[in-house]
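What follows is a single structure, written as structure tokens, with notes after it.
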Amino acid sequence: MEKSSAVRCQRIGCDATFTEEDNADDSCRYHPSGPIFHDGMKEWSCCKQRSHDFSLFLAIPGCKTGKHTREKPVLVKPAPSNPPRAVPVPSGGQNNNAPIENCSRCRQGFFCSDHGSQGKSSKPLAANNAESSEKKAAPVKKIVNLNEDRICKNKGCGKTYKEKDNHETACEFHPGPAVFHDRLRGWKCCDIHVKEFDEFIEIPPCTKGWHNADAS
């Protein structure tokens, strides 16, 4: 009997490839219910795990195990009560009365459609040019095994690759940032916004480039 070809699991939080012959009852780890977005905080309603950073949020391991599936699951809708609250971040500045300073998303460095920018960093500016130059110093070069499996951390990619096969159009990704506002989710780079999280995950990448296992 011919072995079936591998397909990608459609459960949220899994993204593994599998075959029907290799699909045990506990082979898949996934999130059974959808996320909650509130004031820059992202939380999985099923396990209450949360993060401000979208990439770290997507990397939170699934909280339930089961079989992989090729069918797109219907996510359990999160309860609207008791939304997660972002930890307040003091601005420490003198312009607390300005609207952008009172915006929790701007203070935390997230994109805010109300003010049309990525937001202001809560870190103080460099005191002098010398300190600024130190922050812009070139990163230390790493020795990479060309045959080693690496996972691309570009937003919207997440594929496993080898550096020997990497090239300028190998990766399809979103340069970002992700935008969450008024119950809409989307990407600023391609100006596509949807209401449901599973629809947001399915937004096709809009840019090609090199895979990057060290993307922040």
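The values are calculated or read from the model by the stated rules, or taken from the named source; none is laboratory data. What you see is a predicted model, and the numbers here were worked out from it, not measured in a lab. Note that each Cβ is placed from the backbone with ideal geometry, even for glycine, and that neighbours are counted across all protein chains shown. Keep in mind that these areas ignore ligands, DNA and RNA; they rest on the heavy atoms of the full protein, side chains included. Shrake-Rupley method; radii C 1.70, N 1.55, O 1.52, S 1.80 Å.
Could you look through the range 33-54, keep only residues that are open to solvent by less than 40 Å² (accessible area, probe 1.4 Å) and of a type outside the set (A, V, I, L, M, F, W, C), and pick out the one that is nearest to Thr69 (Cα to Cα)? Please lay out each step first, then the result.
First pass over the range 33-54, keeping only residues open to solvent by less than 40 Å² (accessible area, probe 1.4 Å): 33-36, 40-45, 47, 51, 54.
Checking the rest, the ones that are also of a type outside the set (A, V, I, L, M, F, W, C) come to 33-35, 40, 42-43, 45, 51.
Details: Ser33: 16, Gly34: 17, Pro35: 20, Gly40: 31, Lys42: 25, Glu43: 24, Ser45: 21, Ser51: 27 Å.
It comes out as Ser33.
When the test is whether a residue is under 14 Å from the mean Cα position of the chain (by Cα), within 25 Å of Cys157 (Cβ to Cβ) and of a type outside the set (A, V, I, L, M, F, W, C), Ser51 passes it. Going residue by residue through the range 62-75, is there one that turns out to be at pLDDT below 85, touching a Gly at 6+ places or on another chain (Cβ under 6 Å) and not polar (S, T, N, Q)? The answer is yes, given that some residue of the range 62-75 is at pLDDT below 85, touching a Gly at 6+ places or on another chain (Cβ under 6 Å) and not polar (S, T, N, Q). Look through the range 3-41, keep the residues that are farther than 20 Å from Ala59 by Cα and hydroxyl-bearing (Ser, Thr, Tyr), and return whichever of them is modelled with the highest pLDDT. Here the residue is Thr19. Candidates in the range 134-152 are the residues that are at pLDDT 85 or above and in a loop (DSSP other than H, G, I, E, B); of these, the one that is surrounded by the most Cβ atoms within 10 Å (Cβ to Cβ) is Cys152. Restricting attention to the range 193-210, the residues that are surrounded by fewer than 17 Cβ atoms within 10 Å (Cβ to Cβ), of a type outside the set (D, E, K, R) and within 24 Å of Ile36 (Cβ to Cβ) add up to 2.
The set of residues from the range 162-178 being buried (at least 19 other Cβ atoms within 10 Å of the Cβ) and not in a loop (DSSP other than H, G, I, E, B) comprises Cys171, Phe173, Ala178. Within the range 34-63, residues that are farther than 19 Å from Ala16 by Cβ have Cβ atoms under 8 Å from residues that are of a type in the set (Val, Ile, Thr) and surrounded by 18 or more Cβ atoms within 10 Å (Cβ to Cβ) in these pairs: Gly34/Ile12; Lys42/Ile36; Glu43/Ile36; Ser45/Ile36, counting only partners at least 6 apart in sequence or on another chain. All of (1) open to solvent by less than 60 Å² (accessible area, probe 1.4 Å); (2) touching a Cys at 6+ places or on another chain (Cβ under 7 Å) hold for Lys67 with one exception: (1). Residues in the range 1-18 that are open to solvent by less than 20 Å² (accessible area, probe 1.4 Å) and part of a loop (DSSP other than H, G, I, E, B): 1 in all.
For the range 179-213, what are the residues that are basic (Lys, Arg), out of contact with any Gly (no Cβ under 7 Å at 6 or more places or on another chain) and in a loop (DSSP other than H, G, I, E, B)? Break it down stepwise before answering.
Pass one, the range 179-213, residues basic (Lys, Arg): 183, 185, 188, 195, 208.
This time we only want the ones that are out of contact with any Gly (no Cβ under 7 Å at 6 or more places or on another chain), so: 183, 185, 195, 208.
The answer is Arg183, Lys195.
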